[in-house]
Amino acid sequence: MKSPLLSLPGAVPAEGADEGVAAHYGDLFREQRALADGTGFVDLSHRGVVTVTGDDRLTWLHLLLTQYVEDLRPGHATEALVLSAHGHVEHALYLVDDGETTWLHTEPGAQGDLLAYLESMKFFYRVETADRTDAYAVVHLPAGSIAETPADAVARETAHGRDLFLPREALESFAEAHRPAVGVLAHEALRVETHRPRLGMETDHRTIPHEVGWIGSAVHLQKGCYRGQETVARVQNLGKPPRRLVFLHLDGSEVRIPQHGDAVRLAADGVEGRKLGFVTTSARHHELGPIALALVKRNVPVDAPLIAGEDATAAAQEVVVAP
């Protein structure tokens, strides 16, 4: 969906996974500083919105998701995953319940497949699911924002900020009242800084939750009875994940920074060396300079200097997921 806020002054459209909203509004670092200071908002109206209603909604979702949601309190935010039978991540969901309805947002365009799965699992449960993307837009207020939640919006508040499920027709008036608008590139830069994985960026078709740090935040280890739970328990109790997420400080002298999918190698081996992983998300941060997240093989030494991309950009790693 194309956001009406792309008509705001300075708006530059995002590409790829975030197509449909603004990448930035003319000053990337100013927009990052605004978020860091608790001001402005991010237009995430391209994300999919799904609701679940009915008396059995939390009990039912508890059986399907990796998170413990059976006793989810109204207004309490959480996140959860849908796994394949082999434990690979298929969907990442960001949830809140308002006492009558469970609201969740997911990656742009992913709501159709998610709904198809949910509908296939309804059986005799008293639940109704709906795609509300046409009617509701997601906007993000940063941590520390003093902006009030509109009366017609549902808020999902975490340590990283507040996501609002806002009626789509109110998006332009909200933008007018909560300036400055901040693009998704600034939002992504702060996500990389705080090591938070994103489906489709830090994941591929074989990612398991342990590899990217979703254990605890999106996976509750004291519950079972969900698809893929056997893999989660086996890796947690008996094994080690084959890959691990790392945070990279990139050489700031390079004009181009590595992009999603670029190879990560040992610096000692050069660009002809064996590929040990790949860059998942990179960003230019207003304080840290060029940074990235990457997924590398578990046995890569945690203190080994790395290079990323064909330009052999030097990359110093910080541990996100311990080997």
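Using a/c under 1.5 as the rounded threshold, could you call region 176-228 rounded, prolate or oblate? The axes a ≥ b ≥ c are square roots of the C-alpha gyration tensor eigenvalues, and prolate needs a/b larger than b/c, oblate otherwise. Prolate shape, in that a/c is at least 1.5 and a/b is the bigger ratio. In a simple Cβ point-charge model (Lys, Arg +1; Asp, Glu -1; nothing else charged), the chain has a dipole of about 960 debye relative to its Cα centre.
Among SER45, LEU83, PHE174, flag the residue with its Cα farthest along the positive direction of the charge dipole of region 39-176, charges on Cβ as +1 for Lys/Arg and -1 for Asp/Glu. With unit charges placed on the Cβ atoms, the residue in question is LEU83. Solvent-accessible area per residue in the chain equals 44 Å², computed with a 1.4 angstrom probe and all protein chains kept. Based on alpha-carbon centroids, what's the gap between region 236-301 and region 156-207 in Å, whole number please? One Cα centre to the other: 23 Å. The candidates LYS297, LYS2, LYS122, arranged from most to least accessible area with a 1.4 Å probe in the full protein assembly, appear as LYS2, LYS297, LYS122. Suppose a student asked you for the relative contact order of region 153-219, using Cα pairs under 8 Å spaced at least 6 residues apart; what percent would you report? For region 153-219, the relative contact order is 15 percent. Per-residue ellipticity at 222 nm computed for the chain from its helices equals -5000 deg cm²/dmol, with DSSP H segments shorter than 4 residues left out and the rest contributing -39,500 (n - 2.57).
Highest mean packing first, where packing is the average number of other Cβ atoms within 10 Å per residue, the peptides 311-318, 254-261 line up as 311-318, 254-261. Multiplying the residue separation of VAL12 and GLU100 by 0.36 nm and subtracting their alpha-carbon distance yields 27.9 nm. For the chain, averaging the sequence separation of C-alpha pairs within contact (under 8 Å, six or more residues apart) and dividing by the residue count gives a relative contact order of 18 percent. For the chain, carbon and sulfur atoms together expose 51% of the accessible surface, with a 1.4 angstrom probe and every protein chain in place. Relative contact order, whole percent, for region 120-197 stands at 25, derived from Cα pairs under 8 Å and 6 or more residues apart.
The values are calculated or read from the model by the stated rules, or taken from the named source; none is laboratory data. Computed from a predicted model, the values in this text were never measured in an experiment. For neighbour counting, all protein chains shown are included, and Cβ atoms are generated from backbone atoms with ideal geometry for every residue, glycine included. Protein only, heavy atoms only, side chains kept; ligands, DNA and RNA dropped before computing areas. Shrake-Rupley method; radii C 1.70, N 1.55, O 1.52, S 1.80 Å.
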